[in-house]
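Report on the following structure.
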Amino acid sequence: MSMYEWAKREVEIAKKSSAMKDEDFDYVGECYDSALKAYKSLCDDEHSGLSFGITASILKRLLRADPLTPIYDEPDVWNEVAGIREDECKVYQCRRMSSLFKDVYPDGRVEYSDVNRINCIDVDTTFSYHSSLADRWFDKNYPIKLPYTGEKIDVFIEEFLTDEKNGDFDTVGILYANKDGEVININKYYKADEEDKDWVELTQAQYYKRKLKKINRE
């Protein structure tokens with residue numbers, strides 16, 4: 001059995017599986033067919049072994065919109081973005097990586113941020129989402145430096161509500177992160193500030209006191 005025949009058989013099995021019946025069959029089925037076409041293209045180019053793996057890794061980066069070569073701070077790489085900041089900071093967006101931004105402050109200070117860098121995971125539900133609070137913590141403690149090719153960091157967070165008037169949650173614990181296989185213990189805790197709508201840092205004792213309050217509410 002050839003590599004393509006094996007892949008085709010796997011797609012057929014997947015499309016007939018019970019899990020497919022619980023999904024939007026037409027949409028998911030088309031995605032399987034599209035993936036098989038890409039796989040066939042690699043096979044038609046007679047890739048195998050090492051070259052197959054190299055090609056697949058390149059394709060994965062393109063699918064994630066990650067650059068294939070490092071990004072340097074060169075003028076033709078950036079477009080100025082107007083209307084984002086209220087202060088005098090100038091904001092630039094990278095042409096090669098749309099998630100990467102550069103902030104240039106009046107004093108000459110330059111900071112970079114990648115809105116796709118941080119993937120937050122709720123420790124209770126395992127749902128993934130974006131958190132500007134986690135972004136800011138990492139940008140401060142692990143600032144992006146050029147040359148840059150993009151990175152993905154999983155950050156594990158706990159959120160809960162202590163007062164119903166505060167919406168979905170009013171307390172956040174940024175617990176730990178996985179960065180390139182390294183576990184980073186963070187243990188930073190915050191509560192919502194009702195006046196300025198920002199986050200105020202808590203001590204661990206304050207955090208657990210609020211968590212106990214949440215448990216007693218249930």
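Kindly check whether there is at least one residue in segment 27-42 that is exposed (fewer than 11 other Cβ atoms within 10 Å of the Cβ), farther than 27 Å from residue 147 by Cα and of a type in the set (Val, Ile, Thr). Looking for residues that are exposed (fewer than 11 other Cβ atoms within 10 Å of the Cβ), farther than 27 Å from residue 147 by Cα and of a type in the set (Val, Ile, Thr), one finds none in segment 27-42, hence no. The residue that is farthest from residue 142 (Cα to Cα), counting only those in segment 199-218 that are in contact (Cβ under 8 Å) with a residue 40 or more places away in the chain and assigned to a helix (DSSP H, G or I), is 217. Within the group 111, 86, which residue is over 12 Å from the mean Cα position of the chain (by Cα), assigned to a loop (DSSP other than H, G, I, E, B) and under 25 Å from residue 201 (Cα atoms)? None of the others qualify; the one that does is 86.
Those strands (runs of 3 or more DSSP E) of segment 115-198 in which at least 3 residues are over 25 Å from residue 97 (Cβ atoms) and of a type outside the set (S, T, N, Q), considering only elements entirely within it, cover 153-160, 171-179, 182-192.
Here is a check on your reading of the model: is residue 188 in contact (Cβ under 8 Å) with a residue 40 or more places away in the chain and surrounded by fewer than 16 Cβ atoms within 10 Å (Cβ to Cβ)? Against the criterion (in contact (Cβ under 8 Å) with a residue 40 or more places away in the chain and surrounded by fewer than 16 Cβ atoms within 10 Å (Cβ to Cβ)), residue 188 does not qualify.
Would you confirm whether or not segment 84-107 contains a residue that is in contact with a Cys (Cβ under 9 Å, 6 or more places away or on another chain), exposed (fewer than 11 other Cβ atoms within 10 Å of the Cβ) and modelled with pLDDT of 85 or more? Within segment 84-107, one or more residues are in contact with a Cys (Cβ under 9 Å, 6 or more places away or on another chain), exposed (fewer than 11 other Cβ atoms within 10 Å of the Cβ) and modelled with pLDDT of 85 or more.
Hand me the list of helices (runs of 4 or more DSSP H) wholly inside segment 1-45 holding 2 or more residues that are at pLDDT 85 or above and more than 18 Å from residue 56 (Cα to Cα). Before the answer, list the steps.
Details: elements: 3-16, 18-21, 25-44.
Here the list reads 3-16.
The number of residues in segment 47-78 that are farther than 23 Å from residue 116 by Cβ and part of a strand (DSSP E or B) comes to 0.
The values are calculated or read from the model by the stated rules, or taken from the named source; none is laboratory data. Being a predicted model, the structure only gives us computed values, none of them experimental. Positions of Cβ are backbone-derived with ideal geometry, glycine not excepted, and every protein chain shown enters the neighbour counts.
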